[in-house]
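Since every read-out is calculated from the coordinates, none of them should be taken as a lab result. This structure is a prediction, so every number in the text was calculated from the model and none was measured. Cβ: placed from backbone, ideal geometry, glycine included. Neighbour counts: every protein chain shown.
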Amino acid sequence: MAEKMGIGEANSGVIRISLKPEQRGQDIAAAAPDPQPQESVQPLNILLAEDNVLNQKLTVRLLEGLGHQVVVANNGLQVLERLDTQSFDLVLMDVEMPEMNGCAATTAIRAQEEHTQLHIPIIAMTAHDMSGDRERCLEVGMDDFLAKPIDATKLGAIIKRTMEKHSASSLQAVSDSAVRPA
């Protein structure tokens with residue numbers, strides 16, 4: 001019988017993994033179930049903002065299993081640094097992180113975008129799934145919301161939905177700028 005084990009307890013929440021007796025003692029990321037590939041999701045370059053090492057390992061494994069490349073930032077300040085030096089298709093942003101939390105980092109990113117006219121999709125990841133948490137994340141400029149514990153199927157679906165919305169809004173912005181009088 002599988003035993004429930006609390007994994008990743010930190011500022012950001014808990015991810016629970018069922019381990020079979022023969023898996024105990026293995027690396028948590030290696031014991032995580034392999035994610036099922038999602039249909040029509042092209043590989044993305046994803047910035048994962050997560051301060052908990054175990055959550056990082058698990059989420060990286062899930063994302064790589066879905067065919068994505070992942071770079072990790074441990075806090076909001078590192079997110080801003082990575083975005084200054086590298087290009088990403090999507091940010092998965094833990095809401096509760098030290099030094100600069102996900103909401104503050106998102107606010108800074110959105111302020112920079114006012115000058116660049118570019119928009120990077122940001123999906124909130126949080127253990128807080130109470131009334132108002134989703135709305136608070138969307139109010140600061142996040143594009144979607146994923147409650148922990150992370151489920152590979154939900155993660156893939158939210159990434160797909162967010163990227164489809166982003167593609168549609170990008171096409172609309174290009175269309176709008178093409179018809180504006182000079």
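How much length would be gained if the chain were fully extended between His119 and Gln86, taking 0.36 nm per residue of separation minus their Cα-Cα distance, in nm to one decimal?
Result: 10.4 nm gained on full extension.
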query = Among Asp144, Asp84, Asp151, Asp94, what is the fewest-to-most ranking by other Cβ atoms within 10 Å?
reply = Asp84, Asp151, Asp144, Asp94
query = Whose amide H sits under 5 Å from the amide H of Met125, counting only residues 5 or more places off or on another chain, with H placed in the peptide plane?
reply = Met93, Asp94, Val95, Leu146
remark   = Between Asp151 and Arg136, the two model label points (7 Å from Cα along the beta-carbon direction) sit apart by a distance in nm of 2.4 nm
key: Evaluated over region 71-132, the Cα radius of gyration and Dmax, each in Å   = 11.6, 36
